[in-house]
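Notes for the one structure printed next.
The values are calculated or read from the model by the stated rules, or taken from the named source; none is laboratory data. Source: prediction; values computed, not measured. All Cβ positions, glycine included, derive from the backbone under ideal geometry; neighbour counts span all protein chains shown.
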Amino acid sequence: MNQNRYQRQITLAGFGTEGQHKLNKAKVLVVGAGGLGIPVLMYLNAMGVGTLGIVDADVVSLSNLHRQVLFTEAMVGSPKVEVVKKQLSAQNSTTSIQTYKSFLSTSNSLDIIKDYDVVVDATDNFPTRYLINDACVIADKPYVYGALHAFEGQVSVFNYKGGPTYRCLFPTMPAADAVPNCNENGVLGILPGIIGNLQALEVVKIIAEIGEVLSGVLLLFDTLTQRTQRMKFKLQLGNNEIKTLATSYEFDCEIPLKSIDAEEFNTILVEQTVELIDVRTDKEFQRQHIKEAKHIPLSELTDRVAEVDLETTVYVICQSGVRSKKAIAKMQELFPGKEFVNVTGGMNQMKNYVDTY
């Protein structure tokens, strides 16, 4: 450990050499290398955390740049984990950086998480949050949570020394279309930086064993008023006794679903004419869409389903792949046996392959 590098921290009363050694020996996993993950990774790397793991299957897109400040225009189209590793290594060459170019899933989560001391949730969807929670309970790892909504953010720490879990705060996963995400409602660029840094702070407090960790406390931050609120919650019976992962961490949809990834769908678009239904809002569609798409917002789908050409395979797309699942479930109820195909990752993935309008 280069003491000169971390001198400002080492001389800090209540932290000192002991705190720095704890950081140096620590292993932290960050799930998601986006708006929240970038500030978490940059500061933990700068402060001397010995090993950082990064889980992300996405590539850098132009729309990331207003909030994901580690990326540049020249990096658009590059895998995030590769770019982040290169940038972090340039920032601090002593950090061991492990990358996982995949999404966290039931098949890999326990194998990945078991090697780390703390897990940071820098994702943007409910299924992954429930998966992270359950895997952390099983593996007995503290889970540092952050989330964004328009001008507001929230931070908490779950499963810390037997404390409350994510399921104690959010017992049931909401419906797929119940809570808008950043793709639909947008997010002020600076907000992920604020919340991500608060998450990084909780990680440091956990590792160095300093201060009061946000266990059993949800911190709410409002950018427009610079006000914070603290909401307390308690451990609920059985939530810290999970022994196995659920078979699936998808939004509730009992109807079998066929899907296609962005790369494969791009090939189909090049080779043939398709029936593609875009179920996003008017504002989202006007901002950017695939020229072949037929626009029918999810809220209007039941009344306008007659506009869908059922004589061919119907592909359905939204921004992230969540609302399109809901749309397919609705259409399969109306037309049992008809094949509908979900475009996995939605426009977030497709915009990396095709020209849009």
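Observations
- In region 238-257, the qualifying residues are those that are exposed (fewer than 11 other Cβ atoms within 10 Å of the Cβ) and over 21 Å from the mean Cα position of the chain (by Cα), and the one that is modelled with the lowest pLDDT is 254.
- Restricting region 52-75 to residues that are of a type in the set (Val, Ile, Thr) and either surrounded by 16 or more Cβ atoms within 10 Å (Cβ to Cβ) or in contact with a His (Cβ under 9 Å, 6 or more places away or on another chain) (or both), the residue that is nearest to residue 197 (Cα to Cα): 69
- Criterion applied to 237, 220, 198, 245 was being touching a Ser or Thr at 6+ places or on another chain (Cβ under 6 Å) and closer than 30 Å to residue 140 by Cα, and the one residue passing it is 245.
One line per residue, one yes/no per condition, for (1) closer than 22 Å to residue 322 by Cα; (2) in contact with a Ser or Thr (Cβ under 7 Å, 6 or more places away or on another chain); (3) modelled with pLDDT of 95 or more:
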| site | (1), (2), (3) |
| --- | --- |
| 176 | yes, no, no |
| 189 | no, no, no |
| 205 | no, no, yes |
| 208 | no, no, yes |
| 216 | no, no, yes |
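- The residues of region 1-51 that are over 30 Å from residue 109 (Cβ atoms), β-branched (Val, Ile, Thr) and part of a helix (DSSP H, G or I), listed by number, are 10, 17.
- Listed by position, the strands (runs of 3 or more DSSP E) enclosed by region 259-357 that each have at least 1 residues that are acidic (Asp, Glu) and surrounded by 13 or more Cβ atoms within 10 Å (Cβ to Cβ) are 275-278.
- Hey, residue 39 of a type outside the set (A, V, I, L, M), modelled with pLDDT under 95 and either under 22 Å from residue 242 (Cβ atoms) or more than 13 Å from the chain's Cα centre (by Cα) (or both) or not: no
- Restricting region 1-21 to residues that are of a type outside the set (Val, Ile, Thr) and in contact with a helix residue (DSSP H, G or I) (Cβ under 7 Å, 6 or more places away or on another chain), the residue that is surrounded by the fewest Cβ atoms within 10 Å (Cβ to Cβ): 3
- Residues in region 130-146 that are surrounded by fewer than 22 Cβ atoms within 10 Å (Cβ to Cβ) and free of Cβ contacts under 8 Å to residues at least 60 places away in the same chain were compared, and the one that is nearest to residue 187 (Cα to Cα) is 141.
- Test: residue in region 92-104 that is within 22 Å of residue 165 (Cβ to Cβ) and at pLDDT below 95: yes
- Filtered by the rule that a residue be more than 25 Å from residue 153 (Cα to Cα) and not β-branched (Val, Ile, Thr), region 106-122 gives 107, 108, 109, 110, 111, 114, 115, 116.
Here's the yes/no breakdown for (1) in the same structural domain as residue 166 (by TED's automatic domain parsing); (2) over 30 Å from residue 137 (Cβ atoms); (3) among the hydrophobic types (A, V, I, L, M, F, W, C):
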{"residue": "277", "(1), (2), (3)": "no, yes, yes"}
{"residue": "296", "(1), (2), (3)": "no, yes, yes"}
{"residue": "303", "(1), (2), (3)": "no, yes, no"}
{"residue": "306", "(1), (2), (3)": "no, yes, yes"}
{"residue": "315", "(1), (2), (3)": "no, yes, no"}
{"residue": "319", "(1), (2), (3)": "no, yes, no"}
{"residue": "322", "(1), (2), (3)": "no, no, yes"}
